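Read through the structure below, which is laid out as structure tokens, and then see the notes.
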Amino acid sequence: MKRRDPHEFLETFGALSRCLRALAAEAYETIEVGSAQAKFLRHIGKHSRISQAELARATVTAPTLTGRALETLVERGWVRRRRSEDDRRQYILELTASGQRTRERVEEARDGIVERVAKVLDAKDLEDFDRIVKKVLAAFADPEPPAARS
């Protein structure tokens, strides 16, 4: 079997990424949150009492972007931010009741996207995709490309 052009794979993967980001942005727009804010609401909801620094690390988000997005969530009354009693340099984050309701709406919007994907992929497709993504991610995690190790 002829090997496909890796450039084509990268273009296809990029198109999928752009499509999913656009679907998420459209779904979250009805809730009036951006993708980063939605990600933070979901993560804080799952890991309550997380520090702002831990949130930035866990979501692989720049600390400055994390701070700006959180400021909006705090202003809207969805996230409570207070100084840690253990380490006064850190802020501890938790969802308010209103934030929890917004998080539930975010999860529903995300579930709609998941359902659309699940309609067109069977279990084998999902396994193959997972295997491929893990392989590509591992290649980028490895500081030395395979050709250089020979």
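The values are calculated or read from the model by the stated rules, or taken from the named source; none is laboratory data. A quick note: this is a predicted structure, and the numbers were derived from the prediction, not measured. Positions of Cβ are backbone-derived with ideal geometry, glycine not excepted, and every protein chain shown enters the neighbour counts. Just the protein is used for accessible areas: all its heavy atoms, side chains included, with ligands, DNA and RNA removed. Shrake-Rupley method; radii C 1.70, N 1.55, O 1.52, S 1.80 Å.
Can you find a residue that is among the acidic types (Asp, Glu) and under 27 Å from VAL136 (Cα atoms) anywhere in region 83-100?
Within region 83-100, not a single residue is among the acidic types (Asp, Glu) and under 27 Å from VAL136 (Cα atoms).
Of the helices (runs of 4 or more DSSP H) contained entirely in region 1-111, those carrying at least 1 residues that are out of contact with any helix residue (DSSP H, G or I) (no Cβ under 8 Å at 6 or more places or on another chain) and either under 22 Å from VAL133 (Cβ atoms) or of a type in the set (Phe, Trp, Tyr) (or both) fall at 6-29, 35-46, 52-58.
Could you list, in sequence order, the residues of region 60-93 that are farther than 18 Å from ILE31 by Cβ and under 18 Å from the mean Cα position of the chain (by Cα)? Selection gives VAL60, THR61, ALA62, PRO63, THR64, LEU65, THR66, GLY67, ARG68, LEU93. Among the candidates ARG131, ARG88, the residue that is surrounded by fewer than 15 Cβ atoms within 10 Å (Cβ to Cβ), over 23 Å from SER17 (Cβ atoms) and free of Cβ contacts under 8 Å to residues at least 12 places away in the same chain is uniquely ARG88.
Pairing residues of region 102-121 that are free of Cβ contacts under 8 Å to residues at least 60 places away in the same chain with residues that are open to solvent by 40 Å² or more (accessible area, probe 1.4 Å) and part of a helix (DSSP H, G or I), at Cβ distances under 8 Å and at least 6 apart in sequence or on separate chains, gives LEU121/PHE129.
What number of residues within region 14-71 satisfy the criterion of being more than 25 Å from ASP87 (Cβ to Cβ), free of Cβ contacts under 8 Å to residues at least 24 places away in the same chain, open to solvent by 30 Å² or more (accessible area, probe 1.4 Å) and of a type outside the set (D, E, K, R)? The total comes to 7.
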